[in-house]
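What follows is one structure encoded as structure tokens, with my remarks underneath.
The values are calculated or read from the model by the stated rules, or taken from the named source; none is laboratory data. Computed from a prediction, not measured in an experiment: that's the story for all the values here. We place every Cβ from the backbone using ideal geometry, glycine too, and count neighbours over all the protein chains shown.
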Protein chains: 2
Amino acid sequence: MNYLTLDKAEKAKLLEAEKARMAEYAAKGLKLDMSRGKPSKEQLDLSSDLYMQLDPASGFNGKQDYRNYGLNDGIPEIKKLFADLAGVAEDEIIVAYNASLNLMYDSVQRAMQFGVSGEAPWNAQGKIKWICPVPGYDRHFSVTELFGIEMINVPMLSDGPDMDMVEELIKDPSVKGMWNVPKYSNPTGTVYSDAVVERLAKMKPAAKDFRLMWDNAYMVHALYGQEEQANIMDLAKKYGNEDMVYGFGSTSKITFAGAGVSFMYSSAKNIAEIKKFMNIQSIGPDKLSQLAHYRFLKSVDGIYELMEKHAALLRPKFEAVDEILERELGGTGIAKWTKPTGGYFISVDLSEGTAKRTVELAKQMGVVFTGAGATYPYKRDPKDSNLRIAPSMPPISELVEATAIFATAAKIAYLEK
Amino acid sequence: MNYLTLDKAEKAKLLEAEKARMAEYAAKGLKLDMSRGKPSKEQLDLSSDLYMQLDPASGFNGKQDYRNYGLNDGIPEIKKLFADLAGVAEDEIIVAYNASLNLMYDSVQRAMQFGVSGEAPWNAQGKIKWICPVPGYDRHFSVTELFGIEMINVPMLSDGPDMDMVEELIKDPSVKGMWNVPKYSNPTGTVYSDAVVERLAKMKPAAKDFRLMWDNAYMVHALYGQEEQANIMDLAKKYGNEDMVYGFGSTSKITFAGAGVSFMYSSAKNIAEIKKFMNIQSIGPDKLSQLAHYRFLKSVDGIYELMEKHAALLRPKFEAVDEILERELGGTGIAKWTKPTGGYFISVDLSEGTAKRTVELAKQMGVVFTGAGATYPYKRDPKDSNLRIAPSMPPISELVEATAIFATAAKIAYLEK
């Protein structure tokens with residue numbers, strides 16, 4: 001039923017029905033949480049043996065005794081593994097502690113305080129601006145907001161960010177960076193097309209110290225088999241642009257969200273420069289976590305195999321949410337949602353001005369969704385339309401119920417208006 | 001034999017004898033490293049079972065599934081343990097990743113960029129100065145140097161830093177902080193007396209945003225049984241000064257130097273403020289390393305027991321170095337050295353202007369010592385006198401030889417002059 005063409009009376013009748021449904025849900029006293037892209041227990045169990053790789057009988061030695069100080073940029077074995085995964089050389093990568101977000105924060109912090117590529121510190125360059133494809137990842141936006149960087153929204157299209165707009169924006173020398181989740185983007189699931197990757201790789205921003213933040217958080221997180229994507233570093237090198245790219249990744253959603261290993265990749269020149277800072281900042285990352293990860297994952301193929309097991313657990317959940325959305329909201333005209341082939345989220349665009357109210361109503365029915373606006377810089381969705389569904393954590397029965405509640409909330413929010 | 005009262009001929013004769021000794025050592029082709037305070041293999045072996053605490057059969061649950069996201073300030077079990085150890089409350093501590101140096105770096109970075117206690121960012125306050133007890137820890141000095149903070153030397157006396165000088169310096173509002181290793185200080189082994197701790201705790205610096213960096217790196221690293229020391233936080237609270245103190249510690253030299261757990265403690269107000277930043281900076285620390293540490297260490301008593309085992313391994317090494325120094329340099333008048341009751345270093349003051357040359361000569365005999373000057377800000381020892389010996393890593397036979405070589409080098413450096 002197309003809600004957009006209903007007359008007043010029809011709307012009133014539907015609203016009454018949905019409110020009755022809401023009362024039923026509310027009476028159940030549910031407590032469901034669909035707000036965060038957390039892996040489920042079953043997914044975490046896939047890597048439960050990880051630390052058994054550190055049995056004393058296996059020893060702790062590689063290039064040195066990894067229980068001791070040294071090797072601030074990570075142990076060579078895992079540097080090689082992640083370099084292979086990211087398609088870079090071993091002098092183009094640093095393997096660090098568990099949180100890649102921290103590597104991104106540090107990159108912005110260093111640029112603010114010390115500058116990059118011999119340019120003045122961003123702190124000393126007046127207003128700094130940043131390109132933010134939207135909807136996007138709230139924690140990216142929080143970092144740039146903290147440093148007082150002005151964020152500019154650029155729409156995420158089906159093949160990546162609106163490149164015409166990006167190419168226009170980078171003519172402004174105060175535009176210093178851009179957030180990207182190039183594969184299975186958070187929250188839209190967008191896979192940047194090779195053409196978009198190439199347009200980004202060959203950009204010549206007015207700011208020499210522009211940095212393309214390439215958060216490859218979901219690089220191997222496919223639901224229906226691994227998908228190829230043009231390698232940003234290869235293309236950047238082709239255009240003499242490799243210093244512009246800061247790549248990031250982690251095993252947070254490969255092994256453990258609460259105890260993974262993260263890495264950063266860039267040009268050899270950048271990595272050497274960053275290592276100088278890291279040698280002052282820290283005595284080095286946890287090398288035993290790295291050793292355990294290396295022994296557990298073994299190779300890029302080992303990672304693919306593990307990701308296939310994750311996919312087997314995640315696929316039915318994504319499909320269940322899609323099925324309920326289709327059943328409840330299909331053809332209504334008040335909701336469009338993504339059908340991602342990887343990543344952790346389904347992004348829903350509701351009728352303008354109804355997202356906040358939908359979250360509010362769902363909460364009254366016992367289901368917590370990510371706050372409306374969270375997917376936009378400054379938590380301001382100009383259309384109050386986008387919401388993010390995270391299907392990974394709850395069991396399917398809960399997902400089905402929570403999604404139905406979501407639909408009811410979205411309908412009421414629309415019909416009330 | 002007192003070298004200071006020798007005449008020219010006697011000196012020449014001795015120099016010849018020591019040079020002959022040097023030639024013998026050099027001919028051996030030794031390759032010894034006494035430069036870094038690294039634990040030995042035997043010490044690391046004490047904690048080899050640490051990760052076996054993460055056997056899947058034991059589960060990964062405490063307050064939640066620690067394999068998943070959440071708890072950015074550490075798991076409650078280990079927060080409690082380290083709070084007990086540091087003598088603070090659980091809302092006065094954050095337990096983080098492995099490197100406490102990183103927590104110190106972050107503290108300085110945040111103060112520079114964002115300010116502390118509602119004061120203007122240090123970046124916006126012109127020249128920032130810092131009190132550095134000397135000799136001290138090179139990595140502390142590197143952090144403040146990186147941020148362009150002007151470091152002021154204050155002599156380390158037998159009971160702690162020269163407090164008369166400190167109390168004078170803090171009248172300058174541009175003096176914003178002070179490095180401290182209050183127990184078994186690096187490298188002198190000094191234990192700040194309770195009187196010094198109290199004088200520090202009750203300071204009223206002109207700068208409201210002054211921070212007392214309390215790097216309690218060796219808080220339990222006693223060689224001859226645990227020694228009491230007045231608690232800085234208790235005393236700071238007594239004087240309404242608890243916001244001034246930033247305490248730090250880690251298990252780097254309790255469990256693994258390359259895979260420990262670090263923590264930071266301060267007033268509840270400061271910790272709450274810092275957590276807000278950390279929630280933006282990171283998705284949280286490695287919680288499984290924390291869980292393994294908690295299960296392995298169990299309690300403060302568990303930590304003490306483990307430290308007694310470390311002491312049993314370290315004591316003979318410290319005593320061997322002291323014995324050789326006494327035999328070779330005792331009564332010469334050209335060297336004074338510390339006899340620490342804990343920590344990782346012996347600090348040697350040589351005759352003025354001979355430290356650099358001593359390191360050079362030792363290197364020619366195949367032994368690497370920490371570079372002269374490393375224990376001073378900007379790597380500038382104004383007297384070219386202080387050197388640091390790190391006895392923990394080499395086996396005793398090597399220590400004996402390396403220390404004898406050190407003595408030969410020191411003698412030649414003096415006699416040459």
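Do you know which residues across the stretch B:337-355 are more than 13 Å from residue B:389 (Cβ to Cβ) and out of contact with any helix residue (DSSP H, G or I) (no Cβ under 7 Å at 6 or more places or on another chain)?
Answer for the stretch B:337-355, where residues must be more than 13 Å from residue B:389 (Cβ to Cβ) and out of contact with any helix residue (DSSP H, G or I) (no Cβ under 7 Å at 6 or more places or on another chain): B:341, B:342, B:352, B:353.
Find all pairs meeting these conditions: Cβ atoms under 8 angstrom apart; at least six residues apart or on different chains; first residue within the stretch A:337-353 and farther than 25 Å from residue A:309 by Cα and touching a residue at least 40 places away in the same chain (Cβ under 8 Å); second residue in a loop (DSSP other than H, G, I, E, B) and hydroxyl-bearing (Ser, Thr, Tyr).
A:348/A:338; A:350/A:385; A:351/A:385; A:353/A:385
Filter the stretch A:18-61 for residues that are surrounded by 13 or more Cβ atoms within 10 Å (Cβ to Cβ), more than 14 Å from every other protein chain (Cβ to nearest Cβ), farther than 30 Å from residue A:312 by Cβ and not charged (D, E, K, R) and give the result.
Correct list: A:22, A:25, A:26.
Does the stretch A:74-97 hold any residues that are of a type in the set (Phe, Trp, Tyr) and more than 10 Å from chain B (Cβ to nearest Cβ), and which are they?
A:82
Quickly run through the stretch B:153-173 and pick out the residues that are under 13 Å from residue B:205 (Cβ atoms) and not in a helix (DSSP H, G or I).
B:170, B:171, B:172, B:173
Here are some conditions: (1) surrounded by fewer than 23 Cβ atoms within 10 Å (Cβ to Cβ); (2) touching a strand residue (DSSP E or B) at 6+ places or on another chain (Cβ under 9 Å); (3) within 30 Å of residue A:6 (Cα to Cα); (4) of a type in the set (Gly, Ala, Ser). Residue A:330 meets all but one. Which one does it not meet?
(2)
Among the listed residues B:275, B:176, which satisfies the condition of being within 14 Å of another protein chain (Cβ to nearest Cβ) and outside any loop (DSSP other than H, G, I, E, B)?
Exactly one residue qualifies, and that residue is B:275.
Identify, please: which residue in the stretch B:206-247 is of a type in the set (Gly, Ala, Ser) and over 18 Å from the mean Cα position of the chain (by Cα) and is, among those, nearest to residue B:309 (Cα to Cα)?
B:225
Quick test for you: out of B:74, B:59, pick the one residue that is touching a Lys or Arg at 6+ places or on another chain (Cβ under 8 Å), more than 30 Å from residue B:396 (Cβ to Cβ) and modelled with pLDDT of 95 or more.
That would be B:74, the only listed residue that is touching a Lys or Arg at 6+ places or on another chain (Cβ under 8 Å), more than 30 Å from residue B:396 (Cβ to Cβ) and modelled with pLDDT of 95 or more.
Would you check if residue B:345 is under 23 Å from residue B:3 (Cβ atoms), crowded, with 22+ Cβ neighbours inside 10 Å and among the aromatic types (Phe, Trp, Tyr)?
No, not satisfied.
In this structure, does residue A:218 turn out to be surrounded by fewer than 23 Cβ atoms within 10 Å (Cβ to Cβ) and in a loop (DSSP other than H, G, I, E, B)?
The answer is no for residue A:218.
I'd like to verify a number: residues in the stretch B:98-149 that are in a loop (DSSP other than H, G, I, E, B) and away from chain A (no Cβ under 11 Å), how many?
14
Can you tell me which of (1) within 14 Å of another protein chain (Cβ to nearest Cβ); (2) assigned to a helix (DSSP H, G or I); (3) of a type in the set (A, V, I, L, M) is the one residue A:71 doesn't meet?
(2)
Among the numbered criteria (1) surrounded by fewer than 16 Cβ atoms within 10 Å (Cβ to Cβ); (2) in contact with a His (Cβ under 8 Å, 6 or more places away or on another chain), which one does residue A:132 miss?
Every condition holds for residue A:132 apart from (1).
Yes or no: the stretch B:195-203 includes at least one residue that is under 24 Å from residue A:277 (Cα atoms), out of contact with any Asp or Glu (no Cβ under 8 Å at 6 or more places or on another chain) and not in a loop (DSSP other than H, G, I, E, B).
No: the stretch B:195-203 contains no residue that is under 24 Å from residue A:277 (Cα atoms), out of contact with any Asp or Glu (no Cβ under 8 Å at 6 or more places or on another chain) and not in a loop (DSSP other than H, G, I, E, B).
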